[in-house]
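> Could you have a look at this structure, given as structure tokens, before my questions?
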Amino acid sequence: MGRTRARDTEHPQTRLDHGGIARIIPSEFASGFELIVDDTPQSHVDLDDPTHLHFEYIVRMGAVIDQLRDGPLTAVHLGAGALTIPRYVAATRPGSRQQVIELEAPLAALVKEHLPLPRDAAIRVRIGDAREGVGRLPAALQGSCHLVVSDVYSGAQTPAHLTSVEFYRELRALLAPTGVLLVNVADGPGLAFARRQVATIAEVLPEIGILADTQVLKGRRFGNLVIAASGSPLPTEWLPRTLAAGPHPAKIAQGAEVASFIQGARVVTDADAVPSPRPDASLFLR
């Protein structure tokens, strides 16, 4: 998440099937380009250096991915925007095989034309709802994914049906025994939504880490929290040092801190799921 952009017609853009406009514009503060959907920054891509991760929460996802098993990865990405993380995996783990599920065909076409993938990247983009798409993935992926990433936003909110324990059980079924789920959660003061999300994921995958800016983790301001979860101990030995070093200093909460974070939070079900909170528009102004 970043800043609001002035409306323009000078840059590549498309109208989305579900309403709104997606645009690709040069980044003002870093090399590369940004994908903007309805004035909300969704992705940053550096075509010359796909290992350049600009958005803070994406940097933290990359730090976790760097800790995973050596060699190529089998990965599934839900809501990948301009495919920043799939590009990163392809660049840092040559030979990886990746599936992406994207709701908007016009957005996928815009990215493909103006931010083309490397020719040697084995990344397949499937069009459709993330939850329905998971059910249509090849059976061979069940129990074989080293990485599953859920980063789905409709505008600035995660849809309700992608926040429930039933949904996370479907993602767990994709993971290999030591596979890791990464979920991007945006929340504000009090962190009521984030606490329920961590409690819900912990119901399915007991090994949990929460990566965030300290002020966000304390519920003092709106921001992104990355939830890393697995059925096996997370490979986090070097993460605290990596996160503290920057470029966006953060911490990882585990064990007793996670238990304290979710104390009293109810597990989300399909029956009571709600979208993530909408941030104030001023959050994106710089």
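The values are calculated or read from the model by the stated rules, or taken from the named source; none is laboratory data. For clarity, every value in this text was computed on a predicted model and none was experimentally measured. Note that each Cβ is placed from the backbone with ideal geometry, even for glycine, and that neighbours are counted across all protein chains shown.
> Criterion first (modelled with pLDDT of 95 or more and touching a helix residue (DSSP H, G or I) at 6+ places or on another chain (Cβ under 8 Å)) does ARG124 satisfy it?
Values: modelled with pLDDT of 95 or more: yes; touching a helix residue (DSSP H, G or I) at 6+ places or on another chain (Cβ under 8 Å): no.
The answer is no for ARG124.
> Please return the ranges of helices (runs of 4 or more DSSP H) entirely within segment 214-276 where 1 or more residues are of a type in the set (Gly, Ala, Ser).
239-245, 256-261
> Could you please give the count of residues in segment 129-168 that are at positive phi and either under 17 Å from the mean Cα position of the chain (by Cα) or of a type in the set (Ser, Thr, Tyr) (or both)? Full working, then the answer.
The initial filter retains those residues of segment 129-168 that are at positive phi, namely 143, 155.
With the extra rule that they be either under 17 Å from the mean Cα position of the chain (by Cα) or of a type in the set (Ser, Thr, Tyr) (or both), the set shrinks to 155.
Total satisfying the criteria: 1.
> I would also like to ask the following. Within the group GLN215, GLN197, which residue is in contact with a Leu (Cβ under 9 Å, 6 or more places away or on another chain) and polar (S, T, N, Q)? Before the answer, list the steps.
Values: GLN215 fails: in contact with a Leu (Cβ under 9 Å, 6 or more places away or on another chain).
None of the other options fit; the residue is GLN197.
> Residues in segment 215-230 that are within 19 Å of the chain's Cα centre (by Cα) and surrounded by fewer than 20 Cβ atoms within 10 Å (Cβ to Cβ): how many?
Matching residues across segment 215-230 total 1.
> Can you name the residue in segment 158-212 that is in contact with a His (Cβ under 7 Å, 6 or more places away or on another chain) and either in a helix (DSSP H, G or I) or not hydrophobic (A, V, I, L, M, F, W, C) (or both) and is also farthest from GLN67 (Cα to Cα) among such residues?
Top of the filtered list is PHE167.
> Also, quick follow-up: Pick out the one residue from ALA256, ALA273 that is on the phi < 0 side of the Ramachandran plot, exposed (fewer than 11 other Cβ atoms within 10 Å of the Cβ) and modelled with pLDDT of 85 or more.
On inspection, the qualifying residue turns out to be ALA256.
> Would you pick out the residues in segment 209-234 that are under 18 Å from THR158 (Cβ atoms) and in contact with a strand residue (DSSP E or B) (Cβ under 6 Å, 6 or more places away or on another chain)?
Hits for segment 209-234 are ILE210, LEU211, ALA212, VAL216, ASN224, LEU225, VAL226, ILE227, ALA228, ALA229.
> Mind checking which residues of segment 129-157 are under 28 Å from ASP70 (Cα atoms), out of contact with any His (no Cβ under 7 Å at 6 or more places or on another chain) and touching a residue at least 60 places away in the same chain (Cβ under 8 Å)?
Of everything in segment 129-157, those that are under 28 Å from ASP70 (Cα atoms), out of contact with any His (no Cβ under 7 Å at 6 or more places or on another chain) and touching a residue at least 60 places away in the same chain (Cβ under 8 Å) turn out to be LEU137, LEU141, SER144, CYS145, HIS146, LEU147, VAL148, SER150, ASP151, VAL152.
> Using the structure shown, decide if LEU107 is assigned to a strand (DSSP E or B) and either under 19 Å from VAL180 (Cβ atoms) or hydrophobic (A, V, I, L, M, F, W, C) (or both). Don't jump to the end; show me each part of the working.
Working: assigned to a strand (DSSP E or B): no; either under 19 Å from VAL180 (Cβ atoms) or hydrophobic (A, V, I, L, M, F, W, C) (or both): yes.
The answer is no for LEU107.
> Can you tell me how many residues in segment 85-106 are under 17 Å from ASP151 (Cα atoms) and in contact with a Ser or Thr (Cβ under 7 Å, 6 or more places away or on another chain)?
Of the residues in that region, 2 qualify.
> So VAL152 passes all but one of these: (1) assigned to a loop (DSSP other than H, G, I, E, B); (2) over 19 Å from TYR57 (Cβ atoms). Which condition number does it fail?
(2)
> Next question, about the same structure. Of all residues in segment 172-204, which are more than 19 Å from ILE262 (Cα to Cα) and either under 14 Å from the mean Cα position of the chain (by Cα) or at pLDDT below 95 (or both)? Lay out the reasoning, then the answer.
Step one: of segment 172-204, the residues more than 19 Å from ILE262 (Cα to Cα) are 172-180.
Within segment 172-204, VAL180 is the sole residue that qualifies.
> Give the residues of segment 221-245 that are more than 19 Å from ASN184 (Cβ to Cβ) and either free of Cβ contacts under 8 Å to residues at least 60 places away in the same chain or among the acidic types (Asp, Glu) (or both), sorted by residue number.
Taking segment 221-245 first, the residues more than 19 Å from ASN184 (Cβ to Cβ) are 231-233, 235, 237-238, 240-241, 244-245.
Of everything in segment 221-245, those that are more than 19 Å from ASN184 (Cβ to Cβ) and either free of Cβ contacts under 8 Å to residues at least 60 places away in the same chain or among the acidic types (Asp, Glu) (or both) turn out to be GLY231, SER232, PRO233, GLU237, PRO240, ARG241, ALA244, ALA245.
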